[in-house]
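Okay, structure first, notes after.
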Amino acid sequence: MTASPSTTVYLHQSLLQLRNQPQSLLTNKLWEELRKLGLFEMPPRISPLKDAIQHVVSKTDKTCRLEVKYINAVKGKATQKKKRPWKQPEVQAVERHMNRFITACTVPAKSDCERCLRAEPEALKNRDWQNLKFYVYNRITAYKKKL
């Protein structure tokens with residue numbers, strides 16, 4: 001929705017009046033001003049945790065409204081993948097193709113890791129190029145400590 005010139009001038013004046021207000025008060029007052037002007041139809045967003053609780057309590061299906069697959073309760077916290085130990089066939093496959101990088105103490109590039117994955121698709125089917133790169137990096141670190 002585009003605002004008319006008179007609405008824009010009014011909004012600009014409102015922003016100038018709110019400039020010296022504390023941050024939380026500013027956002028609340030600004031939101032009220034924008035809502036009065038009819039620029040927003042949605043209510044202000046509640047915290048993800050409260051949103052999830054409200055969704056569970058109301059027993060509504062909100063998949064049609066949301067594109068987000070996972071709402072994290074703590075903003076800025078990423079979910080971590082579970083560590084999987086390297087199996088012997090995986091280790092042998094990586095060492096067959098990446099041993100020169102380990103002994104030369106150089107971390108392989110993405111293309112080198114992808115070449116290894118293409119050469120050993122069966123053994124490394126559950127790993128991606130970054131897993132290989134981190135494995136080689138950790139092996140280089142262990143190799144340097146041993147020297």
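The values are calculated or read from the model by the stated rules, or taken from the named source; none is laboratory data. Note that the structure is predicted; figures quoted are calculated from it, not measured. Cβ sites come from the backbone with ideal geometry, for glycine too, and all protein chains shown count toward neighbours. When the accessible area is computed, the model is the full protein with side chains, heavy atoms only, and any ligands, DNA or RNA have been set aside. Shrake-Rupley method; radii C 1.70, N 1.55, O 1.52, S 1.80 Å.
The table for this structure:
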{"read-out": "Calculated from backbone phi, Karplus (6.51, -1.76, 1.60) coupling profile of the range 93-104 in Hz, x at Gly/Pro", "value": "5, 5, 5, 4, 9, 10, 4, 5, 5, 5, 5, 7"}
{"read-out": "Residues of the range 122-136 with amide N under 17 Å of a point placed 7 Å along Cα→Cβ from GLN88", "value": "123-124"}
{"read-out": "Heavy atoms of LYS29 accessible to a 1.4 Å probe, total area in Å² rounded to 10", "value": "80 Å²"}
{"read-out": "Rounded to whole Hz, the Karplus (6.51, -1.76, 1.60) HN-Hα couplings of the range 131-147, x for glycine and proline", "value": "4, 5, 4, 5, 4, 5, 4, 5, 5, 5, 4, 5, 5, 5, 5, 6, 5"}
{"read-out": "Candidate residues ARG127, ARG118: accessible-area rank, largest first, probe 1.4 Å", "value": "ARG118, ARG127"}
